[in-house]
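Reviewing the structure listed below.
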Amino acid sequence: MKRKIYCLFFKKNMEGLKKITYPGKLGKKIYNNISQKAWNKWMIKQTILINEKKLNMLNLKDQKIIYKKMYNFFFK
């Protein structure tokens, strides 16, 4: 059975994520408020950001950049 949530990104009821996809408080907020479709859009955007800015996800500074971009993408 698919989990239904109100997606804050698309502003309508949609299929929710199957599992928590990001750690911590932000991960729980995404799980409870962001649809699978919105998450898929973010994954495309994230890939573009990592490639264009040549980010290294093992680097803490670059992780913080992606964290801020993700938060703004979903909630601003």
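Out of all the residues in the range 31-38, is one or more surrounded by fewer than 15 Cβ atoms within 10 Å (Cβ to Cβ) and either under 28 Å from residue 2 (Cβ atoms) or hydrophobic (A, V, I, L, M, F, W, C) (or both)? Yes, the range 31-38 contains at least one residue that is surrounded by fewer than 15 Cβ atoms within 10 Å (Cβ to Cβ) and either under 28 Å from residue 2 (Cβ atoms) or hydrophobic (A, V, I, L, M, F, W, C) (or both).
Within the range 39-64, if we keep just the residues that are within 9 Å of the chain's Cα centre (by Cα) and loosely packed, with under 14 Cβ neighbours inside 10 Å, the residue that is farthest from residue 14 (Cα to Cα) turns out to be 43. When residue 19 is tested against (1) of a type outside the set (A, V, I, L, M, F, W, C); (2) under 12 Å from the mean Cα position of the chain (by Cα); (3) surrounded by fewer than 11 Cβ atoms within 10 Å (Cβ to Cβ), exactly one condition is not met: (2).
Laboratory data are not the source of any read-out in this text; all were calculated from the coordinates shown. On a predicted model such as this, the values are computed, not experimentally measured, just so you know. Because the Cβ atoms are built from the backbone with ideal geometry, glycine has one as well, and the counts that use them run over all protein chains shown.
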